[in-house]
Structure formats: structure tokens, C-alpha cells
Amino acid sequence: MKVKVAAFFVNPLAGYGGIRNNKGSDNMHLQNIGESVSIGRAIEFLSGIKCRDIQFIVPDGPMGALEMDKANLKYTISYSPGNPTTAMDTINFIHSAAGADIICFLGGDGTARDILRAGTDLPVLGIPAGVKMYSSVFSMNVKHAIDVFDNFCGNEITLKDAVVADINEDEYRSGKLDVKQFGTLKIPESSGIISSSKAEYPPSSSYDMAEYIIDNMVNDFYYIIGPGTTCKAITTSLGFHTNMLGFDIVKGKKLIAEDAGEGEIYQYAASGRVHIIISIIGGQGFLLGRGNQQLSGRIIKKAGFENISVISTPEKLISLSGLAVDISDKDISVPKFIRVLTGYGQFKIMRVNF
């Protein structure tokens, strides 16, 4: 098939809960359009595409038309959403854009589920803006989405099935992770789209890594310990049982803060004596920007990559050719290679694809 008409829409609330440590955006309300993660990413995407003569069908307002105007693109409005927008606005827009060749959207897993509920047969290109991102319908980041879009614009594209998955956000906030698959959507065949959903692996060498980290802790440093079973082996080894999906702050091998948000983490990062410990997402290889949005650009810049340790069980790395990042801050200089701790004093050098 050839793409000549693209339906484009934005979930303005997607990603809003991440930096606020809400671990999702369900039931939240956007107070200021300027605070929207997805609107900013949508403008970045639309401004970056070279294929600008394609016909766009969009919803009115911040769900589509606003971003099109910012990027100086021509479009046709097929639907007027409410304020605030809801899941039904997504479904209604999909129905109104039945004549399109593809659906491009800014959102997360919940948005992908809404598209699935609409019952469309159209292929989709998800541009990541959500908090959880367990589905396999999304590009690696905005830059890759631009490349994918330009590559298939006006050209023949091959389609394949991709899984739509999501979790219960209330359970997620309490530290329980239950991923469910809800169906499949068609996506373009492209290396720029993550084709596998997140995967879980056995703990393996997690406690060996935890022992190494603890043995090398400096007493006057704050250790920002990230989410996931691999990182939580550190806090468990120190005798603390904290939220599996949150950030903890440790100093002198004592728990200073549990399930810390972006603002609290930044206060410690500003002290100049922090060390951040994070793991990668199994199956996808994401290092930053997925599952740890509390680490904002200003925190990464304050800490510096020299004060970020990456830990991973060897099983996670076997199928990965490199690590991925999904951050929009262009002022951050991401190293091309990162040393990953895989056991007690054992490291593997991994390429970072940005």
C-alpha cells in the first residue's frame, strides 16, 4: 500500500503523569497546555518531517490542529473534541478519518487501546509520549518516527501485526506489575519501530551486582536508585522493601527518601554529590525515557553521565544490539557507548542508539 493521506492526532494528556511520579496519566487533568509532554513532541515531529505535501486529517484544537498550525502544515479537520479530551474523542476521531491510509498518533498504551477499541483496520505509527509504553506499536523516539514517516510517505509499505498491551495503573502505583495484551494493530515494517513489548527476566546476577554497588558506595554521596527488580535488589540487600516501580534515595546505606518524584530527585542532584543507578527495559533495551521519566533532562545534566551507573542481568543484553534512549532535551550529550554492570565487578560495553 501507498500512504497519501494520514490521520494525525495527539492525546494531550499522554506522559503528563510521568514526571509527576504518577506512573500513568489516567484520571489526571491538564492544567496548562504548556505542560503537555505530547503536544511538544507532536510539534517536534511535525516540524521535522520532510514529506510535507501529504494530506493530513486531524481533530480540532490541541488534539491536532494546534500542532499543525505550529508546524505550518496544511490539514483538514474531521472532528471537534471536547475539553478536556477523553478516550471517546480518540474513538470518534478514528471513525471520522476512515478515509486515511495510516493513523499517526502521539500517546501511550492507553491511547493505543483506544484505537483498538475503535475497531479500525488502518495501520498505525505510534510516536511515544506515554508513561508506561508496553505496546509494540511505537517508534523508538521522535527522531526515528520522523525517519519512518518520511521513508513510507508516498511509497509502498509492508505491514505486520503488533501487540497492544497495558497495565492496571492503580496496581502499578502500588508497585504491582500486571501486563495484559488486548489485541493487535497493523504497523509499518520498519527497524525504527520497537517490535517487541517489554519482557521480564529472572533475577540471575542481580544480588551480585547489588553487593558490588553497596561495597563501592561513598558515604557522602546520595544514591538515586531506579525502578525494577534489578535495581531493587540493592535496596532489598540494604534491608529496605520499597515500591518496585519508584525511585529511592540512599545515603550512608540508609534510606533517605522512598518513591521520589522529579522535584525531590532534582534537589539532591543539585547538591553535586549524586550517583544515579538505573537498569534497562528487558526486550526493548531502553535506558532513558521509558519507565523512568522522573529522571528529567535537568537532573541528567546536573548529575552528568559520569555519575550514572547502568546495571543489567546478562539475560537482558543477549538479544540487544544496543541500548536506546527517548529524551527530547537536545542539550544532553548522550555517550555513544556505556559500560553496563552485569555481575560483581563484571561489565559489558554497549552501544547507545539515539
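The values are calculated or read from the model by the stated rules, or taken from the named source; none is laboratory data. A quick note: this is a predicted structure, and the numbers were derived from the prediction, not measured. Please note: Cβ atoms are built from the backbone with ideal geometry, for glycine as well, and neighbour counts cover all protein chains shown. The area values use the complete protein model at the heavy-atom level, side chains included, leaving out ligands, DNA and RNA. Shrake-Rupley method; radii C 1.70, N 1.55, O 1.52, S 1.80 Å.
Here are some notes:
- Top-ranked residue in the range 159-178 [being part of a strand (DSSP E or B) and buried (at least 17 other Cβ atoms within 10 Å of the Cβ); ranked as modelled with the lowest pLDDT]: ILE167
- Taking first residues from the range 220-248 that are at positive phi and partners that are in a loop (DSSP other than H, G, I, E, B) and modelled with pLDDT of 90 or more, no Cβ contact under 7 Å between residues at least 6 apart in sequence or on separate chains turns up.
- GLY108 vs. criteria under 22 Å from PRO123 (Cα atoms), at pLDDT below 95 and within 24 Å of the chain's Cα centre (by Cα): yes
- Residues located in the range 214-238, provided they are open to solvent by less than 30 Å² (accessible area, probe 1.4 Å) and under 19 Å from ASN307 (Cα atoms): ILE214, MET217, TYR223, ILE224, ILE225, GLY226, PRO227, THR230, CYS231, LYS232, ILE234, THR235
- On the stretch given as the range 302-353, residues that are of a type in the set (Lys, Arg) and surrounded by 21 or more Cβ atoms within 10 Å (Cβ to Cβ) total 1.
- Test: residue in the range 87-96 that is surrounded by fewer than 19 Cβ atoms within 10 Å (Cβ to Cβ), touching a helix residue (DSSP H, G or I) at 6+ places or on another chain (Cβ under 8 Å), farther than 29 Å from ASN353 by Cβ and not β-branched (Val, Ile, Thr): yes
- Residues located in the range 97-115, provided they are of a type outside the set (Lys, Arg) and open to solvent by 10 Å² or more (accessible area, probe 1.4 Å): ALA98, GLY99, ASP101, GLY110, ASP114
- Only one entry in PRO62, PRO84 is under 24 Å from the mean Cα position of the chain (by Cα), assigned to a loop (DSSP other than H, G, I, E, B) and within 19 Å of ALA14 (Cβ to Cβ), namely PRO84.
- Residues considered: GLU264, GLU211. Of these, the only one that is under 20 Å from ARG290 (Cα atoms), surrounded by fewer than 21 Cβ atoms within 10 Å (Cβ to Cβ) and of a type in the set (D, E, K, R) is GLU264.
- PHE182, sole failed condition from (1) surrounded by fewer than 17 Cβ atoms within 10 Å (Cβ to Cβ); (2) modelled with pLDDT under 90: (2)
- Of the candidates ARG273, ARG290, the single residue that is open to solvent by 20 Å² or more (accessible area, probe 1.4 Å) and of a type outside the set (A, V, I, L, M) is ARG273.
- Taken over the range 293-317, the criterion of being in a loop (DSSP other than H, G, I, E, B) and either in contact with a Pro (Cβ under 6 Å, 6 or more places away or on another chain) or at pLDDT 85 or above (or both) is satisfied by GLN294, LEU295, SER296, GLY304, SER312, THR313.
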